[in-house]
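Here is the structure we will look at.
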Amino acid sequence: MAAEVKVGLMGLGTVGSGVVRLIEENGRDLYNQTGSKISIAKILVQDLDKERSLTVQKGLLTDQAEDILDNKEIDIVVEVMGGIDPARTYIRQALLNGKHVVTANKDVMALHGSELLLIAKEQECDLFYEASVAGGIPILRTLVDGFSSDRIGKIIGIVNGTTNYILTEMKQKGSAFADVLGQAQSLGYAEADPTSDVEGLDAARKMTILGRLGFHMNLSLEDVKVKGISDVTLEDVQFAGQMGYTLKLVGIAQLDGGKVEVSVQPVMLTDHHPLASVDGVYNAVYIYGDAVGETMFYGPGAGDLPTGTAVVSDLVTVVKSMRLGVNGKGAVAPYREKRLKSKREVFSKYFLRLRVRDEAGVLAQLTQLFAETAVSLERVLQLPCSEKGEAEIVLITHTASQHQLDSVKGRVEAMDAVIHIQSHYRVEGGSAV
Ligand code: NAP
Ligand code: HSE
């Protein structure tokens, strides 16, 4: 094997810059671990004249993908451009040209991962994507290797730094949603189009990847029920706090009796749940294994250097495998049949906040209706409201199915005394009292 391994870097934005810095600053350590000098031979960008936060030799930059894809000297392509196309096409072409690929691209891996991993296998090339989920937390390797002897039953992840940052700032500083989103964008956390962060799509893509690796099923993005945080109000966040809960955008993947559910939604976590204190841009993934029990992995979910560490660790793995001649041999294809739960099989506790007419008998009617739907209530609170003649009622249910919740919600909405359902959330982590 050559003493020098050449890398073609596609993208020199937040993550790409972190990769360049780590390779430059930690080059000696990387050499000691791999026995090879890892050097960057070309960098693909869109705009050759753009001012950049770090200085690279002018000759390294190119705006022609072929300078990397068809360059016989380049052994490994690192794709950190983002977006689906042309990133997917370039990854595919790199593999077909016999190059190993490292990517941070959850969009491509969630939507086209199966196809690309198959090509990688056929080409005896590596395709690693550690940075695609939870930035700096080495969670994919942990799932694949660390949990190989266990059966995972549940994965709960705070896997989007932008939304976690927004919800934390709303809770701690009472900040308005739009202002905090602007801050997350300027800090480099948000996607180019932050709608995918805010509407839960970015987290859904990451949960698709986690679910596939955790449950060995060929899950696709369409299997994930997605709800983002754009409807979450400051009132909801503060309300949750007063009642012993923290609102978080959470991905849940759960396996029961061979069937899975995967969702992304704002959830009321009881304050004593380990994920409730994961604040700011930090991510965490809570994994329940039948044998190991509860575990949690915590760290920065975005940013140049944290994400760069995940990319460069993948590079190190590729180079070590090159030395051993085992590239492309490690990937395990999903081997369990995919079976999805129906709404009658998804169980949880729920929080509902209602605006009602403040008149006699409303509470009794409501509790009667819940009893008829066989949804048992854990807590009922009536609160005064600024609007004259109106009141606010908060209900927390015991465990009920998604189907039961939908049916009770429909009947509550149809009650004359109910003005509207202000919000409803899944509750995780047991009782807050
Ligand atoms: P970014 O800051 O927007 O940088 C993208 C880079 O790719 C830029 O250098 C851009 O060139 C280049 N680029 C984009 N489209 C191109 C094209 N068609 N041809 C040539 N060059 C192109 O993105 P990022 O935040 O680093 O994210 C990169 C990837 O990492 C994404 O898949 C993202 O989801 C993932 N990721 C990001 C983070 C994070 O913290 N940001 C964390 C985990 C994973 P110019 O510089 O010339 O515009
Ligand atoms: N936009 C993503 C986030 C970047 O906020 O988590 C890391 O994937």
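The values are calculated or read from the model by the stated rules, or taken from the named source; none is laboratory data. Quick caveat, the model's predicted, so the values are computed rather than measured. Cβ coordinates were reconstructed from backbone atoms using ideal geometry, including for glycine residues, and neighbour counts include every protein chain displayed.
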request  = Output the residue which, of all residues in region 1-34 that are under 30 Å from Thr89 (Cβ atoms) and of a type in the set (Asp, Glu), is nearest to ligand 2 (Cβ to nearest atom).
outcome  = Glu24
message = Looking only at region 155-176, count every residue that is crowded, with 18+ Cβ neighbours inside 10 Å and either away from ligand 1 (no atom under 12 Å from the Cβ) or over 15 Å from Pro266 (Cβ atoms) (or both) and tell me the total.
response = 13
request  = For Ser148, state whether it is among the polar types (S, T, N, Q) and assigned to a loop (DSSP other than H, G, I, E, B).
outcome  = yes
remark   = Picked from region 197-215 (must be within 12 Å of ligand 1 (Cβ to nearest atom) and among the basic types (Lys, Arg)), the residue nearest to Asp150 (Cα to Cα) is Lys206
note = Within region 135-148, restricting to residues that are within 12 Å of Gly308 (Cα to Cα) and modelled with pLDDT of 95 or more, the one that is nearest to ligand 2 (Cβ to nearest atom) is Ile137
query = Does region 178-189 contain at least one residue that is out of contact with any Cys (no Cβ under 6 Å at 6 or more places or on another chain), away from ligand 2 (no atom under 15 Å from the Cβ) and within 21 Å of Ser277 (Cα to Cα)?
reply = no
key: Selection count, region 319-344, where residues are farther than 16 Å from Asp145 by Cα and among the β-branched types (Val, Ile, Thr)   = 2
message = Tell me whether region 316-333 contains one or more residues that are farther than 30 Å from Glu428 by Cβ, within 16 Å of ligand 1 (Cβ to nearest atom) and among the hydrophobic types (A, V, I, L, M, F, W, C).
response = no
inquiry  = Contact list please: Cβ distance under 8 Å, first residue in region 295-324 and without any contact (Cβ under 8 Å) to a residue 60 or more places away in the chain, second residue more than 16 Å from ligand 1 (Cβ to nearest atom) and in a helix (DSSP H, G or I), pairs at least six apart or on different chains.
reply    = Met296/Pro274; Met296/Leu275
task = Among the candidates Val311, Val319, single out the residue that is surrounded by 22 or more Cβ atoms within 10 Å (Cβ to Cβ) and in contact with a Ser or Thr (Cβ under 7 Å, 6 or more places away or on another chain).
result = Val319
inquiry  = If I filter region 238-252 for residues that are hydrophobic (A, V, I, L, M, F, W, C), over 12 Å from the mean Cα position of the chain (by Cα) and closer than 26 Å to Glu115 by Cα, do I get at least one hit?
reply    = no
Entirely in region 66-142, the helices (runs of 4 or more DSSP H) that have 3 or more residues that are of a type in the set (A, V, I, L, M, F, W, C) and free of Cβ contacts under 8 Å to residues at least 40 places away in the same chain = 87-96, 106-122
